[in-house]
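See below for the structure under consideration.
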Amino acid sequence: MTFSHRTQKRPVWLALLAVAVSLNLAGAAAGDGQRYLDDVKALTAPAMEGRGNGTRGLERAAHLIEQRFKDLGLDPAGTNSYFQPFSVVTGARLKGKNLLQAGGDSLKLEQDFVPFSFSGSGAAAGPVVFAGYGITAPEFGYDDYEGVPVKGRIVLVLRNEPPAFQAKGHQGVTQHSQLISKAINARNHGASALVLVNGKLGDGEEDLLTRFGTVSGPLDSGILLLQVKNSEAEKWLAGSGRTIAKAQGAIDEAGKPASFALADDFRLRLSIAIETTYATVNNVLAWLPGQTDEYVIVGAHYDHLGRGNFDSLAPSQIGQIHPGADDNASGTAGLLELARRMAPMRGRLRRSILFASFAGEELGLLGSAAWVNKPTRPLEKAVAMLNMDMIGRIQEGKVFIGGTGTGSGFANVLERAQVGKGLKIESSPGGYSSSDHMSFVTARIPALFFFSGLHSDYHKPSDTWEKINADGALRLLDVVQDTALQIASNPERPAFIAVMEDRPGASSTGGGGGYGPYFGSIPDFGQVENGVRFSDVRPGSPAAKAGLKPGDVLVRFGDKPIRNLYDFTDALRRSKVGDVVEVKVLRGSETITVSVKLEQRR
């Protein structure tokens, strides 16, 4: 089809949109809503198993998306196919010798004791110290490790935290109650292993062992870590004339530590062997050729939680399929709908379109990061990225669009795109948030994030297809399509803009949360052998002022070694606003030490 001279005087994107409408390829035409909903239903069917990374269900979803791209005549844009494979960590499993001997007794694995999945592997033996709740909290004037010898010994600690923390005005439990915080604290005090007990039980509660693999943590916390039943630990304390109830009660009543060494002749011997499990998953990528080799990326992640894991917000329902209708079958169905609408525009747009369906998002933006690190098209030719994540639950027409300040001209593009769509759009200039567009912002590619908001079904088995607002999603897809067509057709490509954002609140991406000190790095969630790699550094942040750069690997923060993001978060939380911290990073083959002055979050 050719365009008249009169049509060509209009913006090219507008002329193309008019053609699409005439072909019944754009807007919420009759049947579009049902087709969109059918795709959501297909992606959330029981056979998809919640699209967990490393599951057959995710493979089935990948092949569904691949087949749709093929049927539309789109070119493959992966690694010699529509797929771009990459490896992800899916969990851990017990392997080899896992034992615990207390005195002369051998305990039974997964009946009397169980290792935690983020324990180190190895062996330890020696005397035992009861270290209360295993907490060092200067802000509360509290330290379970003060005055007791723990270096090279095994520490026994209680779950949770002292009630006194809440009595001092803190609302809810603190980060000190988290098991990973207890593990890092024990390791930093020189303990060789940490053993957890439930301690006091509430009415109707049973003394249950944690199911292996269901607690969040790093691959290796750097210390041997396991849980035992209260009944076993009671035997250990008996030689010192104590009980768990009395030991815990002394702390809870006084609001002060009451740690002690167990009988001199009592020893534990333990061995833990854990194997990290991996899987190969695929980004699914298709190409709509334009008139140049520049291109716009339109993306959405298609993975979810499978049957639930530590990210499930319904822990009692772990094991049930978490279908992820809104998160993110809604965005994936939107990607397929846009591919269907735009496929007939082959060769007509100034720029090409890369349709990208990412895996690994729920594990830490791994699929988008894998693509940015090994792009299947020249990265310098990417002019913008449009990301759809949870677009299916629009209420009262309210929609959020993030990243509006990351590209020159984005504001004008979006103003035109939303005309007549019946949506109430709230926007934010920054591009840092927990979805795949952030991988592109850190690569200095302008990016927009389309999102309909969180809800009570998020990360639960109740996120099901019948709750999807298909009509609302289609109106938002009209906005995304208009935006993509404008960017793909405008003569000037948007220039990347580093947005000076307000300092974030609680977020793992900031290297710490809450109202405490602010550092300003963005971690790379891919695996690093030892340390935390920065995928980006926020402009104007303390880290940026100290000269830290993307690609640096943090290995020391003050006097604390940094093995992983959990170590970094813990060290930052233990710091104060105004502290000047000596930080050591690896930059290529160099080791660089800088001083960072921590600032207040706002």
If you scan region 231-261, which residues turn out to be surrounded by 16 or more Cβ atoms within 10 Å (Cβ to Cβ) and within 15 Å of L196 (Cα to Cα)?
E232, A233, W236, L237, I244, A247, Q248, S259
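Which of the residues belonging to region 137-165 are touching a strand residue (DSSP E or B) at 6+ places or on another chain (Cβ under 9 Å) and either assigned to a helix (DSSP H, G or I) or polar (S, T, N, Q) (or both)? Outline the logic, then answer.
We begin by selecting, within region 137-165, every residue touching a strand residue (DSSP E or B) at 6+ places or on another chain (Cβ under 9 Å); these are 137, 142-146, 148-150, 152-159, 161-162, 164-165.
Passing the criteria: A164, F165.
Looking at region 376-389, which of its residues are outside any helix (DSSP H, G or I) and in contact with a helix residue (DSSP H, G or I) (Cβ under 9 Å, 6 or more places away or on another chain)? Working first, answer last.
From region 376-389, those outside any helix (DSSP H, G or I) are 376-378, 382-389; that's our starting set.
Selection gives A382, V383, A384, M385, L386, N387, M388, D389.
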Restricting to region 316-334, what's the tally of residues that are farther than 16 Å from M48 by Cα and either free of Cβ contacts under 8 Å to residues at least 60 places away in the same chain or not assigned by TED's automatic domain parsing to the domain that holds T55 (or both)?
1
Return the residues of region 438-475 that are in contact with a Phe, Trp or Tyr (Cβ under 9 Å, 6 or more places away or on another chain) and of a type in the set (S, T, N, Q); say none if nothing qualifies.
S439, T442, S452
Selection from region 309-347 of residues that are within 18 Å of the chain's Cα centre (by Cα) and closer than 21 Å to A77 by Cα
G331
Filter region 100-130 down to residues that are buried (at least 17 other Cβ atoms within 10 Å of the Cβ) and under 30 Å from the mean Cα position of the chain (by Cα), then give me how many there are.
9
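Go through the residues of region 434-441 one by one and say whether even a single one is surrounded by fewer than 24 Cβ atoms within 10 Å (Cβ to Cβ), in contact (Cβ under 8 Å) with a residue 24 or more places away in the chain and of a type in the set (A, V, I, L, M).
Here is the first cut: in region 434-441, the ones surrounded by fewer than 24 Cβ atoms within 10 Å (Cβ to Cβ) are 434.
In the following step, the residues that additionally are in contact (Cβ under 8 Å) with a residue 24 or more places away in the chain were identified as 434.
From the residues that got through so far, the ones that are of a type in the set (A, V, I, L, M) too are none.
The answer is no, given that none of the residues of region 434-441 is surrounded by fewer than 24 Cβ atoms within 10 Å (Cβ to Cβ), in contact (Cβ under 8 Å) with a residue 24 or more places away in the chain and of a type in the set (A, V, I, L, M).
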Quick test of your reading of the structure: G222 fulfils all but one of (1) assigned to a loop (DSSP other than H, G, I, E, B); (2) more than 30 Å from the chain's Cα centre (by Cα). Name the failing condition by number.
(2)
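Go through region 312-335 and count every residue that is surrounded by 24 or more Cβ atoms within 10 Å (Cβ to Cβ) and either in contact with a Ser or Thr (Cβ under 6 Å, 6 or more places away or on another chain) or in a helix (DSSP H, G or I) (or both).
Restricting attention to region 312-335, the residues satisfying the condition of being surrounded by 24 or more Cβ atoms within 10 Å (Cβ to Cβ) are 322-335.
Okay, now just the ones that are also either in contact with a Ser or Thr (Cβ under 6 Å, 6 or more places away or on another chain) or in a helix (DSSP H, G or I) (or both), so 323, 325-335.
Summing the residues that are surrounded by 24 or more Cβ atoms within 10 Å (Cβ to Cβ) and either in contact with a Ser or Thr (Cβ under 6 Å, 6 or more places away or on another chain) or in a helix (DSSP H, G or I) (or both) in region 312-335 gives 12.
Residue-wise test of (1) over 25 Å from G96 (Cβ atoms); (2) modelled with pLDDT under 95.
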| residue | (1), (2) |
| --- | --- |
| S221 | no, yes |
| A238 | yes, yes |
| R242 | yes, yes |
| P257 | yes, no |
| S271 | no, no |
Does region 449-468 include one or more residues that are at pLDDT below 95 and part of a helix (DSSP H, G or I)?
no
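Please verify whether region 338-353 includes one or more residues that are of a type in the set (S, T, N, Q), part of a strand (DSSP E or B) and in the same structural domain as D71 (by TED's automatic domain parsing). Quick ask: steps written out before the conclusion?
Going through region 338-353, the residues of a type in the set (S, T, N, Q) turn out to be 352.
Narrowing further to those that are part of a strand (DSSP E or B): 352.
Narrowing the set further to residues that are in the same structural domain as D71 (by TED's automatic domain parsing) leaves 352.
Among the residues of region 338-353, at least one is of a type in the set (S, T, N, Q), part of a strand (DSSP E or B) and in the same structural domain as D71 (by TED's automatic domain parsing), which makes the answer yes.
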Can you tell me which residue among T406, T376 is polar (S, T, N, Q) and buried (at least 22 other Cβ atoms within 10 Å of the Cβ)?
T406
Here the residues within region 118-136 that are assigned to a loop (DSSP other than H, G, I, E, B) and in contact with a Leu (Cβ under 9 Å, 6 or more places away or on another chain) are F118, S119, G120, S121, P127, A131, G132, Y133, G134
Only one of Q248, Q166, Q178 is under 25 Å from F568 (Cβ atoms), out of contact with any helix residue (DSSP H, G or I) (no Cβ under 6 Å at 6 or more places or on another chain) and assigned by TED's automatic domain parsing to the domain that holds A123; which?
Q178
Across (1) within 30 Å of A495 (Cα to Cα); (2) β-branched (V, I, T); (3) more than 33 Å from the chain's Cα centre (by Cα); (4) in a helix (DSSP H, G or I), T292 clears everything bar (4)
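Return yes when G204 is buried (at least 18 other Cβ atoms within 10 Å of the Cβ), part of a loop (DSSP other than H, G, I, E, B) and in the same structural domain as N160 (by TED's automatic domain parsing) and no when it is not. Steps first, answer last, please.
Working: buried (at least 18 other Cβ atoms within 10 Å of the Cβ): no; part of a loop (DSSP other than H, G, I, E, B): yes; in the same structural domain as N160 (by TED's automatic domain parsing): yes.
It is false that G204 is buried (at least 18 other Cβ atoms within 10 Å of the Cβ), part of a loop (DSSP other than H, G, I, E, B) and in the same structural domain as N160 (by TED's automatic domain parsing).
State all residues of region 399-411 that are out of contact with any helix residue (DSSP H, G or I) (no Cβ under 9 Å at 6 or more places or on another chain) and outside any strand (DSSP E or B); if no residue qualifies, say none. Spell out the reasoning first.
Taking region 399-411 and keeping what is out of contact with any helix residue (DSSP H, G or I) (no Cβ under 9 Å at 6 or more places or on another chain), we get 400, 408, 411.
Passing the criteria: S408, A411.
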Selection status of V197, at pLDDT 90 or above, hydrophobic (A, V, I, L, M, F, W, C) and touching an Asp or Glu at 6+ places or on another chain (Cβ under 9 Å):
yes
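One line per residue, one yes/no per condition, for (1) touching a strand residue (DSSP E or B) at 6+ places or on another chain (Cβ under 8 Å); (2) of a type in the set (S, T, N, Q):
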site	(1), (2)
Q178	no, yes
I184	no, no
L201	no, no
E205	no, no
A233	yes, no
S259	yes, yes
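The values are calculated or read from the model by the stated rules, or taken from the named source; none is laboratory data. Worth saying up front: this structure is predicted, and the values here are computed from it rather than measured. Virtual Cβ from ideal backbone geometry, glycine too; neighbours counted across all protein chains shown.
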